[in-house]
4 protein chains.
Amino acid sequence: MNKLKVGIIGATGYVGIELLRLLLTHSEVEVAAISSSSFEKMKITDVYPNLLGYTSLICESVDEVIAKSELLFLALPHGLSEEIADTALAQGKKVVDLGADFRLEDESEYEKWYGKKFLNGSLHEKSVYGLCEVNRELIKASPIIANPGCFPTSIALALIPLLKNKLIKKDMIIIDSKSGVTGAGRGLSLTSHYAESNENISPYKVGGVHRHIPEIEQSLSKAFGEEIRVVFTPHLIPVNRGILSTIYCELSEATNYDKVYETLVEAYNNEQFVNILPKGQIASIKSVTLSNNCQISVHFDERANKLILCSVIDNMIKGAAGQAIQNMNIMMGYPENKGLEFLAPAF
Amino acid sequence: MNKLKVGIIGATGYVGIELLRLLLTHSEVEVAAISSSSFEKMKITDVYPNLLGYTSLICESVDEVIAKSELLFLALPHGLSEEIADTALAQGKKVVDLGADFRLEDESEYEKWYGKKFLNGSLHEKSVYGLCEVNRELIKASPIIANPGCFPTSIALALIPLLKNKLIKKDMIIIDSKSGVTGAGRGLSLTSHYAESNENISPYKVGGVHRHIPEIEQSLSKAFGEEIRVVFTPHLIPVNRGILSTIYCELSEATNYDKVYETLVEAYNNEQFVNILPKGQIASIKSVTLSNNCQISVHFDERANKLILCSVIDNMIKGAAGQAIQNMNIMMGYPENKGLEFLAPAF
Amino acid sequence: MNKLKVGIIGATGYVGIELLRLLLTHSEVEVAAISSSSFEKMKITDVYPNLLGYTSLICESVDEVIAKSELLFLALPHGLSEEIADTALAQGKKVVDLGADFRLEDESEYEKWYGKKFLNGSLHEKSVYGLCEVNRELIKASPIIANPGCFPTSIALALIPLLKNKLIKKDMIIIDSKSGVTGAGRGLSLTSHYAESNENISPYKVGGVHRHIPEIEQSLSKAFGEEIRVVFTPHLIPVNRGILSTIYCELSEATNYDKVYETLVEAYNNEQFVNILPKGQIASIKSVTLSNNCQISVHFDERANKLILCSVIDNMIKGAAGQAIQNMNIMMGYPENKGLEFLAPAF
Amino acid sequence: MNKLKVGIIGATGYVGIELLRLLLTHSEVEVAAISSSSFEKMKITDVYPNLLGYTSLICESVDEVIAKSELLFLALPHGLSEEIADTALAQGKKVVDLGADFRLEDESEYEKWYGKKFLNGSLHEKSVYGLCEVNRELIKASPIIANPGCFPTSIALALIPLLKNKLIKKDMIIIDSKSGVTGAGRGLSLTSHYAESNENISPYKVGGVHRHIPEIEQSLSKAFGEEIRVVFTPHLIPVNRGILSTIYCELSEATNYDKVYETLVEAYNNEQFVNILPKGQIASIKSVTLSNNCQISVHFDERANKLILCSVIDNMIKGAAGQAIQNMNIMMGYPENKGLEFLAPAF
């Protein structure tokens, strides 16, 4: 059987190398080519010795990668994907974009948060937001997938079933998220400097200014049917991987904790990658690290009458490379867990 | 000049050894004796080699320590301090209790959360809640100080000035706290087992069940003049020391962000150990670790109309041993920063 | 095709759960049963929520596991495997023992280091030391495999080719090894208590007293043909996984660095799991973590005329569960990398 | 009493800010001025918020700092100190240089390892190598102190008494050192990038190429009276602070372990900052972190006839800023522990 030829644009960033690592053991695909603006013409194993013995790929130009591939993963800083996607589609290739370029449907929102307009509106009409468990049918039919952001994935999976069923109020959603340091990528910065992050925890972009906010609100508003605004505070924690979103909300009048719990269990009953923890257990990132899983625990504070959801994913897998591969599997009709069989280590 | 003879009951727990370490360099006191139920008759340097060359103290019995000391620090598990305090007071000694025995004024609350009644009500009438910056005058006159809990310290310092001035609403206070692992003490448990905590973050006691809740609410209610209920979720993060409380609340009708900011600045203008960060800066635990400082940053989310406070302390210093020494300094009329001069390392 | 029924005795220790995690995705086997003395009759996912949704196994008794399995993995503290292996063999089952019971061939050495005699000498004659790359042919034919220790694996793979070819002197081998904390297992101890290990590094069992020494010396002596004694100092480092052995030795008269390097390259030319790094690169544990790989870098100090080898493995995979599965694959004639395809993450 | 006016050149690097932090609580000195090439004219608390409320210093030019100070600490990259020291001495100021410019006495060695000649030979004649416990009398009389490197300090303190007394052989000294990440400074690099260092350990500059080697050999050769060459391998470990040097050597014919142990105990009997651990205990960095202490444990491997020394310091304190202050205290006749009273936390 012929394997699908895939390419990775931006293979030496953290998301790119994670994609390559996972795709090298995916039995349905062959990584045909990779590009890197920083390491062009270098062997990937000279940059990432963890792959030594498992690939002899050399970083090529973007054009070469497009030419050699049937499906492209774009792992680039925001704003660089649209043009490449345009070229790729023109050549009949499929695209999974791991940046933000195609995530927001509303051009004015995109302009407001990212400071630029859409390059080509018709391209955006062909794209779909690749939250696999929610948009599976649309993903099958689309040539461009906007792979969701890491924080939005952890949040949307927990809240969408509740909002769809109007089980929580729309005006009191407070999200306190914690992310591992790889979320900041491989680019050098004081924030990611070892001695600054280690033995530290720091909130950042406090006060409604993180670019994931419009993406989160787009998903939640769509599910609820009305515009929703959330409070969202990200924190940097001293771990390599993982996101925990602790979400505070209020129940609607006509419901209760058991109803909420059952709704979530039912919503993900047939989903391999989303697990609602048994009542009484509490989610922690260790249980999903390095896997494509999302685990969600559900709690109720009777004294204060608040619902608390704890949702965990690996920011680099379900929050980036893993979900991108899941999207490819859906697009191509492969078993959805192909290349994503790895289970989270206990430690 | 004669030095004050102080004793530490429970010197080999994490709080106890931190007290000893700090007191050994306090120029007004002499550590006269220490006790430990686990290591009686052992040299403390055989248990804690970091003190080698700086003390030759040997762990003695509780009675010996009481007899040799003028002021006692009790660093014991909850429920063991009342009886010892009773004995010590009868001998004319002063007491700083770092446990929870004297923190709650309402006996019924104490019974509800700790499962036992007060041993001796008159003892509780002599005690005062030792939140130094708030209760300084009462502390001067009291023979028993209930040293505040770590989470409550970080929270009360941020909220009390706002509640006193009715700048925030009482019904929407959500506190998402993150604590280093030393908060769980030296007792062995899977939670503190290296491979379980490392590369992990986990919420615990989710849903209004942590014993610090009545202590937090007691402080906040007193400041506001009405009963307050809060949502409080603690998280364990993989650092040794430090607490960050991210606090979400709503402004009262008649106020605004600038008023809130100025109120906090004024409240702590003359306080050495509490600093309100300049606008635009964000608090992180690294800036206070190993010091007795509390730093608070103040943020406003205009989109969602919420006030966000980030308050950081070292859980073992300002949240335990440091504040206990600050309380002793106030009780004895020493300069309040004696023994607490150490500045937080930048890394 | 029928899958091989395998069982894990001691499934809730760190090595046991790592075995289970890997075996659950091994396409040739079915985990038929698992045992745990601490958690008998409990669902494994209640102990290890990382496996939630991927198995419904319940911890059974040792006898049940033996009865249900064709091949058994024993992941027990030292001294408990011999009797179980005896029972299993009597029922015609195969055994991979991850403890030390079958590692030493010389009963007097075993008695000296472990304080007990062999239970049944004939059982030991049927066992083989499962260092896969070295004893592959013997492993195919043996019903009991003594899976090597973690430190010995990292050391033997680096030194055996050089000793076999007499390229280094036998009297000057100094090994400074560093291990992650999971090496100490799941049992609670102050050594593995988070606040004690974190931000620390500590040598332990210094001065020729670690039980891996006779195992190391047995492998090296056999390769060289004469008795060898080594200096071996293990250190505990604050990471979950990984071993780095920095090995200092002296070249034989008739050789040089290039010869040494080429000998190692040739020795592992056809081995998937052992890689000699290109000259100039330096091994680090990150490149092998979570994989079954061993990477070795080779250095020469001209000023001091010493050869330095840096050898890295994941202590839980190539140093335990991974090599055990590799051994099973060899015993059963499966492709040697089955269930071990996972590549080390770059971070 | 007038306080000594001190200045720090290079105050925003890791060593510089550590100096400032410690000097701010030194009762005999006033930090008159600080410089920083990267942050000139900025408030130091805007760069390092940990000092907020404790200083209002602003970064000035090098010339201003020299003019305002009586004693200067130079915390600069290698090669920048000589010229500044020249200027300072011409103005009658004293200098403690924390770089490498004055450490090597032999100009040809300096040229070989640092690629440049001495700027002004007469300046070097006025300088002394500031290993406090060894060169105390010379330090008192010298206007320029070459503050020792971090690795060399941990090694020289352990070996000098043994070499002076000819208790170990000169031809077999193997040093395996482990250092925290702050040793690499505040400059951004992939090596210090969080996700690369975390959960990793990596040897670097393997094979006799680290610039601390000539400094180490200079100290050891001087003590022994003959030229000594060592094997030295540094490793980066995932902690912020601390150095552990594990040192392997051979006893001279006429001695034994007890003699070695007693010699070390006697050598440091009256030294506050160097402690030889009781027999049977093993040094670990946690016991000295954040203090100016060096702890050394002494072990003998009877099987292999090797002596093993484990020597630990905090690389930023005894290995840099602390020893620099100790040097100043000696130069100025202050109690040697002024400003260095802080004891290592137990965790």
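The values are calculated or read from the model by the stated rules, or taken from the named source; none is laboratory data. Please read all numbers here as calculations on a predicted model, not as lab measurements. For neighbour counting, all protein chains shown are included, and Cβ atoms are generated from backbone atoms with ideal geometry for every residue, glycine included. SASA here: full protein model, heavy atoms, side chains in, ligands and nucleic acids out. Shrake-Rupley method; radii C 1.70, N 1.55, O 1.52, S 1.80 Å.
Surface burial for A against B, with a 1.4 Å probe and both sides summed, reaches about 4000 Å² of accessible area.
Protein heavy-atom surface of chain A, 1.4 angstrom probe: 48% of the accessible area is carbon and sulfur, with nucleic acids and ligands not counted. Copy-to-copy label distances for residue D:118, where each label lies 7 Å from Cα along Cα-to-Cβ, are 6.9, 7.3, 7.7 nm in order of increasing length.
Position residue D:227: other-copy label points at 3.9, 8.1, 8.6 nm, ordered by increasing distance, label point 7 Å along Cα→C-beta.
Run the reach check for residue B:178 against aspartates and glutamates, Cα to Cα strictly under 18 Å, same-chain hits fewer than 8 apart removed. What comes back? Straight-distance partners of residue B:178: A:176, A:196, A:199, B:196, B:199, B:215, B:314.
Please report the antiparallel percentage of the DSSP beta bridges confined to segment D:151-315, to the nearest 5. Show your work: numbers first, answer last.
Details: 23 of 32 bridges.
Percentage antiparallel, nearest 5: 70.
Spin-label model, residue B:108/residue A:303: points 7 Å from Cα along the beta carbon direction are separated by 1.5 nm.
Using Cβ point charges alone (K and R +1, D and E -1), the dipole size of segment D:281-347 about the Cα centre works out to roughly 80 debye.
Using a 1.4 Å probe and counting only protein heavy atoms, arrange D:28, C:64 so the residue with the most accessible area comes first.
Details: D:28 30, C:64 85 Å².
These residues rank, largest area first, as C:64, D:28.
On the rotation that sends chain A to chain D, the chain A Cβ lying closest to the axis gives residue and distance in whole Å as A:188, 2.
Note on residue A:42 and residue C:266: with the Förster distance fixed at 35 Å, the Cβ-Cβ geometry gives a FRET efficiency of about 0.85.
Per residue of C:183-194, how many C-beta atoms from partner chains lie within 10 Å of its own C-beta, taken as a mean? Don't jump to the answer; show the numbers that get you there.
Details: counts 1, 3, 2, 6, 2, 6, 3, 2, 1, 6, 12, 18.
Partner Cβ neighbours, averaged per residue: 5.
Charge tally around residue C:61: other residues with Cβ under 12 Å, Lys/Arg +1 each, Asp/Glu -1 each, net -2. In summary, the aspartates and glutamates within cross-link reach of residue D:68, defined as a Cα separation below 20 angstrom excluding same-chain residues under 8 places away, comprise D:28, D:30, D:40, D:60, D:82, D:83, D:86, D:97. Mind pulling the angle between the C-alpha long axis of helix D:212-224 and the longest principal axis of chain D? Nearest 10 degrees, somewhere in 0 to 90. Roughly 60 degrees, rounded to the nearest 10. For segment D:244-297 and segment D:196-232, write down the distance between their C-alpha centroids in whole Å. Going from one Cα centre to the other spans 19 Å. Beyond 25 Å between alpha-carbons counts as too far, so tell me which of A:43/C:140; C:306/D:169; A:94/A:170; A:318/B:286; B:166/B:286; A:222/A:279 fall in that bin. The answer is A:43/C:140; A:94/A:170; A:318/B:286; B:166/B:286; A:222/A:279.
Normalising the average separation of contacting C-alpha pairs (under 8 angstrom, six or more residues apart) by the number of residues puts the relative contact order of segment D:200-272 at 35 percent.
Label-point spacing for residue A:252 across the identical copies (point 7 Å from Cα in the Cβ direction), in nm and ascending order: 3.5, 8.1, 8.8. 3J(HN,Hα) along segment A:90-100: 4, 8, x, 8, 9, 9, 10, 9, 8, x, 9 Hz, from the Karplus curve 6.51 cos²θ - 1.76 cosθ + 1.60 with θ = phi - 60°, whole Hz, x for Gly and Pro. Per-residue 3J(HN,Hα) values for segment D:341-347, derived from phi via the Karplus relation 6.51 cos²θ - 1.76 cosθ + 1.60 with θ = phi - 60°, read 6, 4, 9, 4, x, 6, 7 Hz in sequence order (x marks Gly and Pro).
Backbone N atoms of segment B:163-197 closer than 20 Å to the 7 Å Cα→Cβ label point of residue B:254 belong to residues B:163-172.
Determine by what factor the alpha-carbon radius of gyration of chain D differs from 2.2 N^0.38 Å, reporting the quotient.
Values: Rg = 19.7 Å, N = 347, 2.2 N^0.38 = 20.3 Å.
Normalised Rg, Cα atoms only: 0.97.
Might you tell me the accessible area per residue for the protein assembly as shown, computed with a 1.4 Å probe and given in Å²? It would help to have the intermediate numbers written out before the result.
Details: 45400 Å² over 1388 residues.
Solvent-accessible surface per residue comes out at 33 Å².
Taken along the Cα-to-beta-carbon direction at a fixed 7 Å, the label points for residue B:209 and residue D:137 span 7.0 nm.
With both labels modelled 7 Å from their Cα along Cα-to-Cβ, the residue C:117 to residue D:2 distance reads 8.5 nm.
When the helices in chain C are scored as -39500 (n - 2.57) per DSSP H run of 4 or longer and the sum is shared across all residues, what 222 nm value do you end up with, to the nearest 500 deg cm²/dmol?
Working: 12 runs with 108 residues, N = 347.
The per-residue figure over chain C is -9000 deg cm²/dmol.
What you get for segment A:44-191, charging only the Cβ of Lys and Arg (+1) and of Asp and Glu (-1), is a dipole of about 620 debye around the Cα centre.
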